Amino acid sequence: MERIAVCPGSFDPVTLGHLDIITRTSELFDRVIVLVSKNVDKNPAFSAEERVELIKEVTGDLKNVSVEAFDGLLADFVRESGACAIVKGIRAMTDFENEFQMALVNRRLYGEAETVFLVARSENMYLSSSVVRQVASFGGDISGFVPEKIADRIMKRLYK
Ligand code: PNS
């Protein structure tokens, strides 16, 4: 049976840290769906379509990875897609509390899928989409934070 993983997140925008987690997930599962999802606590800078496009651009060489956007409950998407796992990256204990809560809620809503946490690489521990947005909005160099091929596009959108 094909083992499908869902990598959900805001990806506003996708960072080198996200790409590392997606790549490692693609090595562990037969197929990976990167899911641009709605976080009700965040007001995204990039539209869902833009975020999907940016992720597609940087995952194009990962043959078992596809990218989608979904506005509803993650647990519903996971059920409908037949995925067996939700994979998230963990950077520090501060991530853990929130992720642990979401994992328990998702298990309650759909108990057939496991949440799997991959530990971020140490060089990505400080990295987040909000760091990228902040540095870019002041015209700083984001080349070490996001994949090279999308850095210009992100700068054009965020540096006014
Ligand atoms: O990158 P983020 O913002 O930490 O990702 C959080 C996200 C988008 C995965 C989470 O908010 C989510 O799963 N949203 C979809 C709606 C949902 O299922 N919420 C219940 C989870 S407790």
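The values are calculated or read from the model by the stated rules, or taken from the named source; none is laboratory data. Just so you know, these numbers come straight off a predicted model, no measurement behind them. Don't worry about glycine lacking a Cβ; one is built from the backbone with ideal geometry, like all the others, and counts go over all protein chains shown. To get the accessible areas, we keep the full protein, side chains included, count just its heavy atoms, and leave off ligands, DNA and RNA. Shrake-Rupley method; radii C 1.70, N 1.55, O 1.52, S 1.80 Å.
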Q.
Condition first: open to solvent by 90 Å² or more (accessible area, probe 1.4 Å) and either in contact (Cβ under 8 Å) with a residue 12 or more places away in the chain or outside any helix (DSSP H, G or I) (or both). Now tell me which residues in the range 41-72 satisfy that.
A. Asp41, Lys42, Asn43, Glu49, Asp61, Lys63, Asp71
Q.
Among the residues of the range 80-88, are any within 14 Å of the ligand (Cβ to nearest atom) and within 30 Å of Ser137 (Cβ to Cβ)?
A. yes
Q. Would a scan of the range 97-111 turn up a residue that is of a type in the set (Val, Ile, Thr) and open to solvent by less than 60 Å² (accessible area, probe 1.4 Å)?
A. no
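With the requirement that a residue be closer than 16 Å to Leu158 by Cα and not hydrophobic (A, V, I, L, M, F, W, C), what does the range 122-146 give you?
As a first pass, look at the range 122-146 and keep what is closer than 16 Å to Leu158 by Cα: 128-143, 145-146.
Selection gives Ser128, Ser129, Ser130, Arg133, Gln134, Ser137, Gly139, Gly140, Asp141, Ser143.
Here is a yes/no grid of residues against (1) within 8 Å of the ligand (Cβ to nearest atom); (2) not charged (D, E, K, R):
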| site | (1), (2) |
| --- | --- |
| Pro13 | no, yes |
| Ile22 | no, yes |
| Glu27 | no, no |
| Asp30 | no, no |
| Lys38 | yes, no |
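Counting just the residues of the range 126-160 that are of a type in the set (Val, Ile, Thr) and under 19 Å from Ser47 (Cβ atoms), which one comes out surrounded by the most Cβ atoms within 10 Å (Cβ to Cβ)?
Residue satisfying both the conditions and the ranking: Val146.
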